[in-house]
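Heads up: the structure comes next, in C-alpha cells.
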Amino acid sequence: MSKKATFLLPLNLSLAPFLLVLIYHLLSCVAVHGVQEKKILSLHNNIWSPRKSNEAPSSCFSHNLGKGRESSTTLEMKHREICSGKTIDWGKKLRRALTLDNLRVQSLQLKIKAMSSSTTESISEAQTPLTSGMKLQTLNYIVTVDLGGRNMTLIVDTGSDLTWVQCQPCKSCYNQQGPLYDPSLSSSYKTVFCNSSTCQDLVEATGNSGLCGGNNGVDKTTCDYVVNYGDGSYTRGDLGSESIQLGDTKMESFVFGCGRSNKGLFGGASGLMGLGRSSVSLVSQTMKNFNGVFSYCLPSLEDVASGSLSFGDDYKNSTSVSYTPLVQNPQLSSFYVLNLTGASIGGVELESSSFGRGILIDSGTVITRLPPSIYKAVKTEFLKQFSGFPSAPRYSILDTCFNLTSYEDVSIPTIKMIFQGRAELEVDVTGVFYFVKPDASLVCLALASLSYENEVGIIGNYQQKNQRVIYDTKQEKLGIAGENCSF
C-alpha cells in the first residue's frame, strides 16, 4: 500500500505580521472592489452580425406554451424583428432605436408632469404617449392572441392601457402581417356605445373622453377613441367588445379599440396589448380569470429566441422570487412604480441621496434612465472597476463608451438594483453593454442619466432580459427572479 509523504515547511515567525496584513489587504480588495462579482461577455460571437430570418413571415405568430392550473396560461413572446423577414442591419437599427427611445422617455416625462397637475385638460394637451409610448422600435416584444377566432399579433406594453387592433373597414392603416380584424365577420363582436360607463373609462386610459356627438344633425352612438403619441404616431377608431383567447383561456366581452385610422412604426404587428393599470387594460378585464397577476420573461434580441408572457401565478421558475411593493402614487396611477433603495457595481454598494424614490418599470422603454446623482455614482464605480480599456466617444444618450474590437471577451462588473424589501434585479450580462456598432468599436454602458434630479427614473427592457418579472396587481407587489428566457 502506498504512503503519502507529508512535509511541514518552517514558518518564519518574523514574517507573520506581514503575511496577516497581506491577507487582510487581499480580502479587503475582494470585498470592496467586488473582484468576485464579474461576468464574462463575448464580444464577437453575438447577435449583432448581419442575418436574415430563416422563418417565413408567418413566424410572426407566436404559440401557446401550455396551460398550468385553471387560473393560468402562458403565451410565447418573440422579438418584433421576426415579423420583417428582412436582412437586419443591426448597427443602423440599434442607433435609430436610441433616438426613438429618447423621444419615448421625454414623452413619458411630459406625461408624468401632466398627470401630476391632476387635470384632464393638461393630460389631453400634452399629447404625449399618454399611457403608452407606441414607437415600435422601442416596444420590442410581441405575442399572439385569438380575437374573435382570428390570430392577432400584439406588441406588449406595460405602459399602455387600451388594447387595440387594426380593423376593417380601415380609412388609413399601415401594412401588417396577416389580414386585418373585420368585426362584420364575427357573430360575437358588439359595439360599445358612447353613453356607456365603459366609454367614460377612456379618460383614465387615454386622456381623451369617448367622443359622442355627430355630423349633419345625426347623433353618433359609437364610442370613438383617439390616442396620439409624441412622434406623430396615432390610433383612432371606436371601442368594441369581442371574445379573446389567451392560450387556452377564453373570455367573452373583452373591450378593445377597433383602429380605423392608424399611423406609426408598428412593423407587421396587428396592434398593441395594454397591460397597464386602468379599468380598460387587459389586466383589469381579466381580473376574475387571473387574479390580476401576469409575468413575462423577455428573451434576447436574437430573431430565433422566444420568451414567455404568463397570466396567473402558475409560471415556471427554478430560482427563488424576491418581492418588492408596488408604490401607491395617485399621480402615477397608470404606471408600475417601485422604490429603488440602492444599487451596487461589482459588489460595491453605491450611495446617493436620490435612493428611496420611485422608479417606473416599463416593457416599452429600452435603456434604463437614472437620476443624475445615481447615474454619476454608477458611472464612477463602473469605470473604476472596468479600467484599462480604450475609450470611445459618447453616442446619443450613452456617454460611457469603449472601443473593444481588440478583445474576444471581457470581464465586466455585475450591476444590481436593490428595491424596498431587499428585492434585487441583477442585470443580465447581455444587458450591461449596448453595441452601437456591431464590430464592438463602439460599445457603451447601457444606462443613461435623466436631465434633472426631480424626473422619474425608468427601468428599461434592456436591463430586464433573462428575468422573470411578476406583476401582482391584487397584492400590490412585483417579483423578480433570474431565468433563462430563451426557448
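The values are calculated or read from the model by the stated rules, or taken from the named source; none is laboratory data. Keep in mind it's a predicted model, so treat the numbers as computed, not measured. Ideal geometry is used to build each Cβ from the backbone, glycine not excepted, and the neighbour counts take in all protein chains shown. These accessible areas exclude ligands, DNA and RNA; they are computed on the full protein's heavy atoms, side chains included. Shrake-Rupley method; radii C 1.70, N 1.55, O 1.52, S 1.80 Å.
Restricting the range 381-396 to residues that are open to solvent by less than 60 Å² (accessible area, probe 1.4 Å) and within 11 Å of Val436 (Cβ to Cβ) leaves a set whose member that is modelled with the lowest pLDDT is Ser396. Counting only residues that are more than 10 Å from the chain's Cα centre (by Cα) and among the hydroxyl-bearing types (Ser, Thr, Tyr), the range 340-370 holds 5 of them. Among the residues of the range 184-203, those identified as closer than 30 Å to Ser295 by Cα and at pLDDT 90 or above are Ser188, Tyr189, Lys190, Val192.
Residues of the range 204-224 include at least one that is under 30 Å from Ser72 (Cα atoms) and either modelled with pLDDT of 90 or more or among the hydroxyl-bearing types (Ser, Thr, Tyr) (or both). Within the range 385-416, if we keep just the residues that are free of Cβ contacts under 8 Å to residues at least 24 places away in the same chain and of a type outside the set (Gly, Ala, Ser), the residue that is nearest to Val348 (Cα to Cα) turns out to be Phe389. Looking across the range 359-373, the residues that are under 20 Å from Asp428 (Cβ atoms) and not small (Gly, Ala, Ser) come down to Ile359, Leu360, Ile361, Asp362, Thr365, Val366, Ile367, Thr368, Arg369, Leu370. Strands (runs of 3 or more DSSP E) fully within the range 385-487 that include at least 3 residues being within 25 Å of Arg277 (Cα to Cα) and within 22 Å of the chain's Cα centre (by Cα): 415-419, 423-426, 457-459, 467-472, 477-482. Pairs meeting the criteria (first residue in the range 464-487 and on the phi > 0 side of the Ramachandran plot and of a type outside the set (D, E, K, R), second residue assigned to a loop (DSSP other than H, G, I, E, B) and open to solvent by 10 Å² or more (accessible area, probe 1.4 Å), beta carbons under 7 Å, at least 6 apart or on different chains) are Asn466/Asp428; Asn466/Glu483; Asn466/Asn484. Among residues of the range 237-256 being under 17 Å from Ser196 (Cα atoms) and touching a helix residue (DSSP H, G or I) at 6+ places or on another chain (Cβ under 9 Å), the one that is most open to solvent (accessible area, probe 1.4 Å) is Ser253.
Scan the range 270-289 for residues that are open to solvent by 10 Å² or more (accessible area, probe 1.4 Å) and either more than 19 Å from the chain's Cα centre (by Cα) or under 16 Å from Tyr181 (Cα atoms) (or both) and the total you get is 6. If you go through the range 406-426 and keep only what is open to solvent by less than 10 Å² (accessible area, probe 1.4 Å) and more than 26 Å from Val105 (Cβ to Cβ), you end up with just Val410.
Given the structure, is Asn403 open to solvent by 50 Å² or more (accessible area, probe 1.4 Å), in contact with a Pro (Cβ under 9 Å, 6 or more places away or on another chain) and within 24 Å of Asp101 (Cβ to Cβ)?
So Asn403 passes the test.
If the condition is being open to solvent by 30 Å² or more (accessible area, probe 1.4 Å), touching a helix residue (DSSP H, G or I) at 6+ places or on another chain (Cβ under 9 Å) and in a helix (DSSP H, G or I), then the range 331-380 contributes only Gln331. The conditions of being surrounded by fewer than 23 Cβ atoms within 10 Å (Cβ to Cβ) and under 21 Å from the mean Cα position of the chain (by Cα) are met by Gly267.
Take Asp428 and decide whether it is within 18 Å of Ser344 (Cα to Cα), charged (D, E, K, R) and modelled with pLDDT under 95.
Taking the combined requirement at face value, the residue satisfies it.
Scanning the range 304-330 for residues that are in a strand (DSSP E or B), surrounded by 18 or more Cβ atoms within 10 Å (Cβ to Cβ) and modelled with pLDDT of 90 or more turns up Leu309, Ser310, Phe311, Tyr323, Thr324.
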